[in-house]
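Just below is one structure, and these are the notes that go with it.
What follows draws every value from the coordinates through simple rules; no lab data is involved. All values reported here derive from a predicted model rather than from experimental measurement. FYI the Cβ positions are ideal-geometry reconstructions off the backbone, even for glycines, and counts take in every protein chain you see.
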Ligand SMILES: Cc1cc2nc3c(=O)[nH]c(=O)nc-3n(C[C@H](O)[C@H](O)[C@H](O)COP(=O)(O)OP(=O)(O)OC[C@H]3O[C@@H](n4cnc5c(N)ncnc54)[C@H](O)[C@@H]3O)c2cc1C
């Protein structure tokens, strides 16, 4: 019997080759084949079952996650799959360790003979790394460091923040070693999500480690206790930073596309109002308000995917330059990756919540998959640099660039547009009709002009303060907004570069052009105040952009289901009744409800104890 597909009609409407779009989304045919194979392997393996997660206690959830991780590791070895992406421990050794240390620690870490974490944040300090209080004091008599928290002892000299490898637990019985207090920080946001793992709480009480366990890639302490910078330039650590941020941006496109896939499929199944003569009600995806909330998110998922792809290239480029002792692009790369981390993660966190609302009341059910996705995703706005703190770093870079404009120092890479600041500060947008807003060069210039003008205005306003730091503190909000404008320009320009490539497949490029226009014009609409206030466009041109956006939504509509099918997500990966590939939502929602332990008895536990006595009592009306 042929399987039911409630989305079949939607899929027939698609105007492009979905299989080809899957390859564009994955980045290459090979990447597509690998991700498809791994996703199917995981989906068909009962150990990776996840439909019961929200019913498990914290301890069972944690243990179940360990079981899955161990099984995943076993399967990776059995099937000879290549590297997993390791979060922070391995990148820290790679980025901060010297060659000898890398040779010693990395093979063990890759084989999981040692499992590490990255412990930097303290209760008192996260963003302000210089404010960390744990100390490492060198003892020349024993050739050891004494690691201690909080600050009690010191040799009187502060040499800044450095990485150390400290063994926390015994490799035999997993007990914490002497002087180490280690545990879990406590229950975290949401059910499932980060509660499936332990985020550590850790204290050191005069813990001694050999001197060579200080990560000595960029600075070192000699046998005599002399602190020295190594010959290797400090900037080398930036390679690791670009790698980690590139991964975070790629994760943003995954989380966002996952939420959008659920909301789009459900919006095509869900019907409300509009029935004529007993006919079917309107699919909610046909409401313009639904489209104007959903389609920009769909377009953002593609935009983040492409900028993430470009970041992979940037990582290779930076690595090659660093090896050749060329540090010229580092400030720009640092600002660009910090900004992209901030903007893509904030947008994704907001988008997941919007997708929950787009699914109405059912979006609030755990079985929609959205609550856990939200809980898992939102800390990305905080870890690896708080998003606001990162934007302010970008703003500092922008202010420096503006201040150097007259000096002959040419801005490079993603800030190269500032070379044309004279033009961008006075150019006029030439849009007269709605279709003028479809031209990539028109959009690009509007975004460049907005970013340049906001930065230059901030730089001018800073001069009104007695000193730069005071100005920076007072104007922080404007500066963060200027940084957002700069980063959105980067995303828009990388989408344009993607469209300039050869993209095969019937109708594929056309769909991407439509999505590009939706992405850029919806941003323009959202930030209309910036564009108009900085004089980049007139209010009328803003209204015309909105008109064009409405037309674009109608073009996305018939392709919406196919555009989310192109993500190639298995039902197992989505973990959502609402986002099922076949759209068979209602019977499955009903089935899910009966799995809840509350439904194990028809009379809930607690009724006889608490509710019945109230119902059966003779209520005495008291006179006050
Ligand atoms: C799920 C999760 C996993 C984590 N994993 C790790 C890990 O493995 N290892 C590790 O070491 N740490 C980890 N962390 C900690 C994380 O890196 C820090 O929480 C993060 O760097 C933010 O620092 P903070 O907590 O000090 O925030 P704060 O800096 O205290 O932020 C509080 C508020 O102050 C604002 N703020 C701070 N400074 C400024 C400023 N200069 N100007 C304007 N506003 C400012 C922020 O925007 C924010 O709104 C993890 C955190 C989470 C949530």
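Numerical summary
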{"item": "Sequence-separation-based contact order of segment 314-468, relative, with Cα cut under 8 Å and 6+ spacing, percent", "result": "21"}
{"item": "Whole-angstrom gap from segment 1-55 to segment 325-393, using each part's C-alpha centre", "result": "24"}
{"item": "Mean separation of Cα contacts under 8 Å (6+ apart) over length of the chain, as relative contact order %", "result": "19"}
{"item": "Label-point separation in nm, residue 426 to residue 118, each point 7 Å along Cα→Cβ", "result": "4.7"}
{"item": "Length released on extending from residue 48 to residue 407, taking residue separation times 0.36 nm less the Cα-Cα span", "result": "123.4 nm"}
{"item": "Fraction of the pair-distance distribution of the chain above 47 Å, Cα-Cα pairs, percent", "result": "24"}
{"item": "Gain on full stretching of the segment that runs from residue 598 to residue 12 - 0.36 nm per residue minus C-alpha separation", "result": "206.8 nm"}
{"item": "Value of relative contact order over segment 187-276, rounded to a whole percent, pairs C-alpha under 8 Å and six or more apart", "result": "11"}
{"item": "Spatial separation of Cα centroids for segment 563-610 and segment 89-117, in angstrom", "result": "42"}
{"item": "Rg and Dmax of segment 98-191, Cα atoms only, in Å", "result": "15.6, 50"}
{"item": "Protection proxy ranking, peptides 7-18, 39-50, average beta carbon neighbours within 10 Å, highest first", "result": "7-18, 39-50"}
{"item": "Segment 149-228 versus segment 433-507: alpha-carbon centroid distance in Å", "result": "41"}
{"item": "Cβ-Cβ FRET estimate between residue 79 and residue 142, R0 fixed at 56 Å, reported to 0.05", "result": "0.75"}
{"item": "Pair residue 610, residue 589: separation of 7 Å Cα→Cβ label points (nm)", "result": "2.8"}
{"item": "Highest-first arrangement of 325-338, 249-262, where packing means the average Cβ count within 10 Å", "result": "249-262, 325-338"}
{"item": "By average C-beta atoms within 10 angstrom, highest first, the peptides 182-190, 385-393", "result": "385-393, 182-190"}
